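I have placed the structure first, in the form of structure tokens, so that the comments after it can refer back to it.
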């Protein structure tokens, strides 16, 4: 309810319909209420779609991102926010249906640590993939006890598999969850030294999960 003074042409305070009257330092003001039913623009809807898609991909990887961006300045931004900003800008592409993640441009780590040579992926036993790399220590910048961070992602069911081993191991086996078998899978790798330096993450590639009996 509003109160008014000075007759029908006077000022008022309070709310009348979608208009609010107020007084500040003897000056009368009127302003309209915000439109609660204002529709988002196509550009806003597109940004929301990209955001939801990237959140589904990156949110379960927060421990991985904290390691992968451990050398970044996180006083004002978390490792997760740094990864979100970069990947929204550089790792999203448009398709006929809207947007999709451009996995080959995804960044899960930053740094100057050299990654291993000869990174490849092969089929293992049923429902498994074997990722391998050269375990040779060919530079004083690397060590056999560098951590190897592996990430597998299945977009169809938004499922992640992560694994950590050491550079000297030269290979690691990943079991594909049943819900991901027969689906497209994306694989990433990066290396972390004992002092916290990282290699830039490397996209190993896209593969289809092996269906049982095939």
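So the values come out like this:
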item: Strands (runs of 3 or more DSSP E) within segment 131-214 that include 2 or more residues under 29 Å from residue 50 (Cα atoms) and touching a helix residue (DSSP H, G or I) at 6+ places or on another chain (Cβ under 8 Å); result: 147-154, 159-166, 184-192, 202-208
item: Residues of segment 83-106 satisfying the condition of being in contact with a helix residue (DSSP H, G or I) (Cβ under 7 Å, 6 or more places away or on another chain), in contact (Cβ under 8 Å) with a residue 40 or more places away in the chain and either assigned to a strand (DSSP E or B) or over 19 Å from residue 185 (Cβ atoms) (or both); result: 92, 98, 99, 101
item: Single residue of 173, 192, 162 found to be touching a strand residue (DSSP E or B) at 6+ places or on another chain (Cβ under 8 Å), in the same structural domain as residue 56 (by TED's automatic domain parsing), surrounded by fewer than 16 Cβ atoms within 10 Å (Cβ to Cβ) and touching a residue at least 60 places away in the same chain (Cβ under 8 Å); result: 162
item: Boolean, residue 124 is farther than 15 Å from residue 173 by Cβ and surrounded by 12 or more Cβ atoms within 10 Å (Cβ to Cβ); result: no
item: Enumeration of residues in segment 64-82 that are buried (at least 16 other Cβ atoms within 10 Å of the Cβ) and either free of Cβ contacts under 8 Å to residues at least 24 places away in the same chain or farther than 19 Å from residue 191 by Cα (or both); result: 79, 80, 82
item: Positions within segment 90-105 being at pLDDT 95 or above and exposed (fewer than 14 other Cβ atoms within 10 Å of the Cβ), in sequence order; result: 90, 104
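The values are calculated or read from the model by the stated rules, or taken from the named source; none is laboratory data. This structure is a prediction, so every number in the text was calculated from the model and none was measured. We place every Cβ from the backbone using ideal geometry, glycine too, and count neighbours over all the protein chains shown.
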